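Written below as structure tokens is the structure these notes are about.
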There are 2 protein chains.
Amino acid sequence: MTKQRQLPTILSSKVSAKSKFFTVEQLNLRFSNGVERQYERMKSGGRGSVMVVPFLDPDTLLLIREYACGTHHYELGFVKGLIDPGETPEQAANRELKEEIGYGANKLIALKSLAMAPGYFGSSMHIFIASDLYQETLEGDEPESLELVPWAYHQLDQLMDDPDFNDARSIAALLMTQRKLNEAAGG
Amino acid sequence: MTKQRQLPTILSSKVSAKSKFFTVEQLNLRFSNGVERQYERMKSGGRGSVMVVPFLDPDTLLLIREYACGTHHYELGFVKGLIDPGETPEQAANRELKEEIGYGANKLIALKSLAMAPGYFGSSMHIFIASDLYQETLEGDEPESLELVPWAYHQLDQLMDDPDFNDARSIAALLMTQRKLNEAAGG
């Protein structure tokens with residue numbers, strides 16, 4: 001099996017729409033079989049983002065409940081945010097923890113980085129398990145304080161069943177964390 | 001712990017940008033603490049989408065390698081697509097299987113539905129495990145045929161490590177499938 005086909009040629013590209021937070025780029029592509037097609041994608045700052053799965057102790061996960069505009073609903077998920085200019089992903093993870101839940105982490109373990117809908121978005125989300133936490137708060141830019149939701153790790157099944165825990169990235173992060181911990185426990 | 005805060009009030013909304021495939025909606029919100037903030041989200045058709053994890057036999061997953069415009073890269077992932085008007089999620093799952101890999105499924109098991117970045121998108125992705133497959137092809141709208149990638153289920157670790165397997169939704173779908181099968185095996 002061939003590992004990689006020849007990528008489509010980008011014949012032209014332009015910004016086709018722009019709002020306060022989003023820039024849509026339109027691409028005219030020619031695939032290797034000669035077929036031409038118009039695609040659109042979202043332009044991003046390109047610095048990527050982080051998501052953090054924090055353990056207050058070995059059986060206590062810290063989640064947040066935060067307003068999500070797309071669903072107009074309070075969603076349960078993990079601390080996350082964009083990487084600031086000049087930051088490493090680890091620094092961003094620690095800053096977001098301090099801004100969103102009032103803890104820093106002495107220990108961060110990097111898991112696999114995720115793409116969010118690679119058909120539309122180019123940027124990567126770096127996933128971390130955080131432990132050995134210490135209290136420290138940084139001022140964030142949230143419009144309201146985020147509700148901190150401690151969750152017993154042994155009740156992971158109930159978290160997976162919770163109708164407010166839906167974000168594909170939070171679910172992937174939780175189950176990758178479980179894999180990592182099972183691996184560590186299995187030797 | 002209170003389960004749900006009072007949702008922000010939508011003071012006004014308007015379309016702030018529109019391209020061929022994307023519509024950006026701008027919302028002026030007032031949070032329950034009185035803070036006002038402008039948000040943006042992507043408007044969707046609202047019918048949602050499906051992703052399917054197909055088993056050709058108990059140890060053979062069928063993946064596809066498909067061009068992703070956001071990353072300008074061929075990405076490894078599962079069959080997916082939008083639900084057409086009038087379709088149930090199950091019908092959409094079966095149609096997408098026929099269009100993208102040339103199989104229909106006699107058996108579909110629904111897993112948890114996922115949100116893709118609920119801060120920006122409102123629609124839901126329904127995840128299915130498909131088995132008891134039969135050969136049947138439907139014409140899709142892909143610009144080129146998709147590369148079918150069979151993968152041994154017992155080599156799930158290698159799939160998780162594959163640098164082309166990044167999509168948060170595919171990873172969540174794979175690990176939810178593993179949970180489901182482990183549950184079934186465990187009784």
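Each reported figure results from applying straightforward, stated rules to the coordinates on display, with no laboratory input. Because the structure is a prediction, the values reported are computed rather than measured. So basically every Cβ, Gly included, is an ideal-geometry build from the backbone, and we count neighbours across all protein chains shown.
Comparing B:106, B:28, B:94 in a Gaussian network model of chain B where C-alpha atoms under 10 Å apart are linked, the largest mean-square fluctuation is found at B:28. Close amide H partners of residue B:60, meaning residues 5 or more places away or on another chain with modelled amide H under 5 Å apart, are B:153. Within the listed set B:120, B:39, B:153, the Gaussian network model of chain B (springs between alpha-carbon atoms below 10 Å) gives the highest mean-square fluctuation for B:39. Estimated purely from DSSP H runs of n ≥ 4, each contributing -39500 (n - 2.57), the mean residue ellipticity at 222 nm for the protein assembly as shown is -6000 deg cm²/dmol once divided by its residues.
Other protein chain C-beta atoms within 10 Å of residue C-beta, averaged over A:51-61: 0. Of all DSSP bridge pairs formed entirely within the protein assembly as shown, close to 85 percent run antiparallel. Each Lys and Arg Cβ is given +1 and each Asp and Glu Cβ -1; about its Cα centre, region B:14-167 then shows a dipole of about 1180 debye. Local charge for residue A:33 was computed over the other residues whose Cβ lies under 13 Å away, with Lys and Arg +1 and Asp and Glu -1, and equals -1. Residue by residue, region B:117-124 carries 3J(HN,Hα) couplings of 6, x, x, 10, 10, x, 8, 10 Hz when phi is fed to the Karplus relation 6.51 cos²θ - 1.76 cosθ + 1.60 (θ = phi - 60°); x denotes Gly or Pro. Using only Cα coordinates, the Kirkwood hydrodynamic radius of chain B works out to 18.5 Å. A simple count of charges around residue B:114, restricted to other residues whose Cβ falls under 10 Å of its Cβ and scoring Lys, Arg +1 and Asp, Glu -1, yields +2.
Kindly identify region A:114-182 as rounded, prolate or oblate by the Cα gyration tensor criterion: order the square roots of the eigenvalues as a ≥ b ≥ c, call it rounded if a/c is under 1.5, otherwise compare a/b with b/c, prolate if a/b is larger, else oblate. In terms of gyration-tensor shape, rounded. Normalised by the number of residues in chain A, the average gap of Cα pairs under 8 Å and 6 or more apart makes the relative contact order 21 percent. Among B:80, B:20, B:107, whose mean-square fluctuation peaks in a Gaussian network model of chain B (Cα, cutoff 10 Å)? It is B:20.
Note on the protein assembly as shown: the C-alpha convex hull projects to 19.5 nm² when averaged across all orientations. Taking a straight line from the alpha carbon of residue B:112, these lysines sit under 28 Å away, with near neighbours fewer than eight places off in the same chain left out: A:80, A:112, A:180, B:3, B:43, B:80, B:98, B:180. Peptide A:30-41 has a mean of 4 when you count, residue by residue, the C-beta atoms of other protein chains within 10 Å of its C-beta.
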